[in-house]
Amino acid sequence: MGNSAPYVVKELEPEIAGIIISCEGAENKVVAASVLEAAQVLFGVSANHIKVLKMEGAK
């Protein structure tokens, strides 16, 4: 009983369904496109599952 160890059959990683990003400068289409592309590369999520929004209170 003292030397027992768990038996791991399978480990699952969480799956990302979508991403929302709020950032300063998002009203600029070039900035928004760059942020969207970075999120695609980092998380392996397609563009139609990513939304880039202007940060509230941003100038």
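The values are calculated or read from the model by the stated rules, or taken from the named source; none is laboratory data. Just so you know, these numbers come straight off a predicted model, no measurement behind them. Each accessible area value is taken on the protein alone, full model and side chains, heavy atoms only, with ligands, DNA and RNA left out. Shrake-Rupley method; radii C 1.70, N 1.55, O 1.52, S 1.80 Å.
Leaving ligands, DNA and RNA out of it, report the carbon-plus-sulfur percent of the accessible area of the chain at a 1.4 Å probe. Can you show the working numbers first?
On the way: 3040 of 5310 Å².
Result for the chain: 57 percent of the exposed heavy-atom area is carbon or sulfur.
With a 1.4 Å probe and every protein chain left in place, work out the accessible area per residue of the chain in Å², rounded to a whole number.
Details: 5310 Å² over 59 residues.
Counting only protein heavy atoms, the per-residue value for the chain is 90 Å².
Annotation: amide H of Ser22 within the under-5 Å range of Leu53, sequence separation 5 or more or interchain, hydrogens built in the peptide plane. Here the contact order of the chain, divided by its residue count and restricted to Cα pairs under 8 Å and six or more residues apart, works out to 42 percent. Shown in residue order for the range 36-47 are the 3J(HN,Hα) couplings computed by the Karplus curve 6.51 cos²θ - 1.76 cosθ + 1.60 at θ = phi - 60°: 4, 5, 4, 5, 4, 5, 5, 10, x, 10, 6, 4 Hz (x for Gly and Pro).
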